[in-house]
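The values are calculated or read from the model by the stated rules, or taken from the named source; none is laboratory data. On a predicted model such as this, the values are computed, not experimentally measured, just so you know. Glycine gets a Cβ as well: all are built from the backbone with ideal geometry, and neighbour counts include every protein chain shown. For accessibility, only protein heavy atoms count, side chains too; no ligands or nucleic acids. Shrake-Rupley method; radii C 1.70, N 1.55, O 1.52, S 1.80 Å.
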Amino acid sequence: MRGVTGRVVPWSDFTEWEQVRYWLFTHQHEGVRRVKAWASRGKVPAAVDATAVFVEVLLTDQAGRVSEHELRMLYSMAFVRFVNGVVDSQQKGLYAGSVAGIAESLGLPTWFVDLRHAGTHDRLPSISLLRAGCLQALDWLNANYWVVQTTYVNSTASDVRQLLLQYVEQSQTESANAMNCIREIGSLILADNYRDFLIPCLLEPGFLVPDVKKLRSKYNDLTLNASVQTLWSEPLNVFEKTWPGFCEDLLVALVGTALIDPLKTGTLKGSVGTSGNAAAAAAGDEVEKNPTHSMSYQATIASWARHILESHVLNRKQAAASEDLNDAIDLVLEACFSNPNIFTRHILSDISRKQPSLKPQLQPFISFVDSTFKSAVLSEKLATVATSASPSTNPTKRRKTTKAEQASDAPLPPTLRNPADFEAELKLLRDRVCEIEAVSVSLDSDAKMSSFEPMTVDGVEGGDATAAAATNGANCWKLASDQTWARVPLGHVPGVGLPQLDLDLQLDSVEFARTIGVLVVPSVFNAENEENGVVGYQTEVPDMAEHGEALADGGQIRSVAKRIRLLG
């Protein structure tokens, strides 16, 4: 059963909090908008709200769209909310203390309190005084809230990381002292911030995922190494007892953020568009840039997710925990659905196997993931087979399998596989090629049917066959490739952006419209117009020869002028 989750904050993680801090203190509208979004989610700290209010007033002042009196009102209200918000949080006695006394104990400048008092009970302060006060208030908020929070987070994360390193080092010799490091972590952080400090550290290489790659899980066998599981099983149990629900939060972090689609990072060898050594080189470059993108790291993370799902979520013995189990499964399913990849597919399979009632709902999603990644996995297998079957300058004899390999579930080396497997893979590849060819033929036929009518080439309808074919081919719709296709927002043009659709300013002039003959005001009005007091006159359409330089087609303009009748 989950315990008290602690203080609830509107930001998702500390990274988002840092981003908003940067936006606010560089005076960007994005920071103000994000704080307003936070306010719609829940309660925002008084310091964060005051910072956003001051920045918004500054931006309004810089825009110059309001009067000086309105600016004085805005600045004064910002100081009222700022001082009241800071002081009210410290009103803890039976009787309310004075605002000036509490502000002095907090280190708040006394003239901030004077500005608040003047804006509430007296004449509004001058605009110059309010502007200077606003800048100093932002400096005070930055020094007394934002910097303090950042320092606390960084120092606490560093302490937690150091204690975890000590545990790993001491666990090899003195297990009792090693567990003291784990207990010290429990006293260092609270229930409302272990998601910001402890879980991110555990996901770094060297902790749940060992630095030694031989101890990591394999892509084709998502089971934990026995020594790695033994090393961290007891600490995870201690964390779960200290903060009930810790393992569920760790599982959501493993599935939702740590697992990354290998097709997006390019670390899946033999993915579409690459093969052989080129794929291995590309994957190696990506791993050097970010070690968490390696297949061994991702496989170990997926193995931990399956282990925690099996041991801490699905195998609960308490009958009263059914509601908590459903909530935990919902969180895991949400994380899997938002991050579909070849690893989360195994998580969904485990859930459907342990919870048969969910299998009908999960099977379509599992099938979708299978169909999405089938081609990449098949290409990986074929690339592996091609590499292993390529002729070598120093051929070696086929080795015999050991008893340990025969007893294990590890797949046989490619050189010892059954030839029937190769035939099945080749058949799948041929079927895929046939499907691509069928689609290509269909696209060609659609393009021919949707081509434009024959154009006149060299004065003859149809003209030269070569020229007509070239012209017709240039006007046909073509299927864009992955290299040429670019996603752009609706209404934008690729490579251009939002097209300029504004007309020339002179087209808004009535005199210009009358001059070119587009605007014709009738001189004859019916009785209804006379009752409404509408008076008009007839303007003669000038000779179009006088405006031939400015108009592309005078005949069309004249015909339009005869049809359009506007009352002036």
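Just the residues that are open to solvent by less than 30 Å² (accessible area, probe 1.4 Å) and either part of a loop (DSSP other than H, G, I, E, B) or acidic (Asp, Glu) (or both), please, taken from the stretch 209-223.
Pro210, Arg216, Ser217, Leu222
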Practice task
Tell me the helices (runs of 4 or more DSSP H) entirely within the stretch 294-412 that contain at least 3 residues that are open to solvent by less than 20 Å² (accessible area, probe 1.4 Å) and at pLDDT 55 or above.
Solution key: 295-308, 322-338, 344-354, 359-389
Practice task
Could you tell me whether any residue of the stretch 68-85 is of a type outside the set (Phe, Trp, Tyr), over 19 Å from Ala52 (Cα atoms), at pLDDT 85 or above and open to solvent by 70 Å² or more (accessible area, probe 1.4 Å)?
Solution key: yes
Fill in the blank from the handout: Among residues of the stretch 224-256 being among the charged types (D, E, K, R) and open to solvent by less than 50 Å² (accessible area, probe 1.4 Å), the residue nearest to Ala191 (Cα to Cα) is Asp249
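Mind checking which residues of the stretch 184-193 are open to solvent by 80 Å² or more (accessible area, probe 1.4 Å) and modelled with pLDDT under 90?
Result: Ser187, Leu190.
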Problem - Pair list, Cβ under 7 Å, 6 or more apart: the stretch 334-359 residue within 14 Å of Leu254 (Cα to Cα), other residue outside any helix (DSSP H, G or I) - result: Asn339/Leu259; Asn341/Leu259; Asn341/Asp261; Phe343/Leu259; Thr344/Leu259; His346/Leu222
Exercise for the section: Inspect the stretch 258-268 for any residue being modelled with pLDDT of 90 or more and in a helix (DSSP H, G or I) and give the result as yes or no. Expected result: no
